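Below you'll find the structure, written out as structure tokens, and then a few comments.
The values are calculated or read from the model by the stated rules, or taken from the named source; none is laboratory data. No experiment lies behind these values; they were computed from the predicted model shown. For neighbour counting, all protein chains shown are included, and Cβ atoms are generated from backbone atoms with ideal geometry for every residue, glycine included. Quick note on the areas: whole protein, heavy atoms, side chains included, nothing else; ligands and nucleic acids left out. Shrake-Rupley method; radii C 1.70, N 1.55, O 1.52, S 1.80 Å.
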Amino acid sequence: ELREQGDRENLLFTKKKLLEELGENRLPYMTPADADFHQLWKTKYSKLIFRKSDTVPEELHQMVQESFLTLRKHDCFFQDLVRIKGRDFVTPVSRILIGNPGCTYKYLNTRLFTVPWPIEGYDIKYCSPQIHDACKALIRLNDYLHIEAVKALQGQNLFETKESEDTTVIDREQNFATSLTEKGSVSKDQSSCCVPEDDYVSLKNRTSYNVTLLNYMDPLQMLYLKQEPYFGMGNMAVSWHHDENLVERSTVAVYSYSCEGSTMEESNEQKLRGRDPAVWHVGLKVAWDIETPGLAMPLHQGDFYLMLDDLNMTHQHCVLAGFSPRFSSTHRVADCSRGTLEYIFGQCELALQNLQTDSDSMALSLKSLETAVVKQVEEIHNEVEFEWLRQFWFQGKRYLKCTDWWLKPMAKLEEFWRKMETMTSLVLSEVGKEEQIEKQRNETISCFLLVLIERQKLRKEWTARCRSEAAESLPEDQRPECHPFWTDDECSMPLPYDLEEVIANLQNLVQWVE
């Protein structure tokens, strides 16, 4: 996380320098109306695959577009409260994360929790049958885009190994007659044609989407939209960025549904230089390159595109607003190495191995006071509180509009957290005993102190976030909620010790030892 923050700060510094260099000038970019557009696409943006709506089965279009409207009708899209450079902002785009049960997706210091789509083996109670059907439609779309991504990657591999092959890989027509009644996952027979055994696993891992982040925005309802700063592309719904928290070199698939059909579908002021401002576009550029022209690809109702392989790392993309409201479903292979319930429950169980109960007195004690063990337990303690409990309740009651699925696992995490609070108290009690071996005691106090200082800093930061102006601007049911066991006035959990007082005492003890 610290590395991500450092990367973001470096990018902001580079962006500032680049804008200073440009001054009032703008870099060139191309749209399909430009003669050299396809040549630029083929040479500099070849890992962007674009498919028009007529290549997608009509039945799938209907299911997915109805699901968007259903979720919108049930008020399931929410503006996220994100944190950039120490300040909280409300996103102009409203979102909801749908995906594998127990998965999360983190961006801009905000962890989103999936509304689980219906899969076998999970008992998921939705707030209405319509929300169930909407989530079911999105898993169908997910399966379809998985198959298309595998085909596209195979096409790129064939292109790279056969120079005699027609180079219009991006535009070639493919057979999209995959039955929607199939389960949708690609079997080895389907996907491994011309692909070596080792590459099959890689293909699957890079295209097996575990979440989709749904977006909605009506540009005409926005008081202000940022202007695209480098090329003069106009209003942006989403600024230039790399997608975060993804499996390396994984494909991102985006299905776009702009609510067209109004008189604003196409601008009458055509033949203006650049893109039509009435139509939504995805913009791409080579990251921090002022030589290569940018690309602006128009997005119409039902189009989809794929960002293959390392395109998300080598290039940046933005979303350029049109005039009509638009939904999109952005399918990702989220890096869940530290972002699933299975992971965090495993961490809790690891921490609690150091807690034991006396069979006669039922008194609790620690098995080990070794520095490494104490440090590991207290770091897990921080992770549970700041990466899970506070993140979840910071988003208010939003998830209850779709399902109550997360309430039980969060209650279980609270129970683990309480036990870890007890463990912190037990460490404090033990390091205060004079009979402890001095060297080990001093090491334990020093490392313990660092973790507690971090905990105190984060508690203050989260309290401030709950009270920020941005948080207060949200609808009441979406405002950060004090955890049911935290005191209302402090947004902090009742503790068996005063953390500030403990830190001061430990600091004095460390100074005395030194």
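So for each of 295-303, 213-221 I average, over its residues, the number of other beta carbons within 10 Å; can you give me the resulting order with the highest mean first? Mind showing how you got there, number by number?
On the way: 295-303: 21.8, 213-221: 18.2.
Listed from highest to lowest mean packing, they are 295-303, 213-221.
In whole percent, and with a 1.4 Å probe on the protein chains, what portion of the accessible area of segment 53-128 is carbon and sulfur? Walk me through the numbers before you get to the answer.
On the way: 1510 of 3270 Å².
C and S fraction of accessible area: 46 percent.
So with the 1.4 Å probe, I'd like the accessible area per residue for segment 274-347, rounded to whole Å². All intermediate terms of the calculation are to be shown ahead of the outcome.
Details: 1910 Å² over 74 residues.
Solvent-accessible surface per residue comes out at 26 Å².
Would you calculate the separation in nanometres between label points at Ser425 and Lys73, each defined as 7 Å from the Cα along the Cα-to-beta-carbon direction?
Simple spin-label model gives 5.2 nm for this pair.
Using DSSP to call loops (not H, G, I, E or B), can you name the GluC sites (Glu not before Pro) in segment 216-265 whose Cβ has at most 14 other Cβ atoms within 10 angstrom? Don't skip to the end; give the middle numbers.
Details: sites: Glu244, Glu248, Glu260, Glu265; in loops: Glu244, Glu248, Glu260, Glu265.
Those that pass, being in a loop and sparsely packed, are Glu248.
Ranked from highest to lowest mean number of other Cβ atoms within 10 Å per residue, what is the order of the peptides 88-99, 341-352, 110-121? Write down the numbers at each step before the final one.
Details: 88-99: 20.7, 341-352: 16.5, 110-121: 18.4.
With the highest mean Cβ count within 10 Å placed first, the list reads 88-99, 110-121, 341-352.
Would you mind checking the radius of gyration and Dmax of segment 334-460 based on alpha-carbon positions, in Å?
16.4, 55
Tell me the net charge near Ser53. Cut-off is 11 Å between Cβ atoms, Ser53 excluded, with +1 for each Lys or Arg and -1 for each Asp or Glu.
Numbers: positive: Arg51, Lys52; negative: Asp54, Glu58, Glu260, Asp303.
Once all neighbours under 11 Å are counted, the net charge is -2.
Summing Lys, Arg as +1 and Asp, Glu as -1, what charge do residues with Cβ under 11 Å from the Cβ of Gly234 carry, Gly234 excluded?
Working: positive: Lys226, Arg275; negative: Glu228, Asp276.
The answer is 0.
List nothing, just return the count: lysine pairs in segment 45-145, 8 or more apart or interchain, with Cα separation under 23 Å. Mind dumping the intermediate values first?
Numbers: Lys73/Lys125; Lys73/Lys136; Lys85/Lys106; Lys125/Lys136.
Total qualifying Lys-Lys pairs in segment 45-145 comes to 4.
Please give the peptides 252-259, 203-210 ranked by average Cβ packing (other Cβ atoms within 10 Å per residue), highest first, as a rough proxy for protection. It would help to have the intermediate numbers written out before the result.
Numbers: 252-259: 23.2, 203-210: 19.4.
Highest-to-lowest ranking by the protection proxy: 252-259, 203-210.
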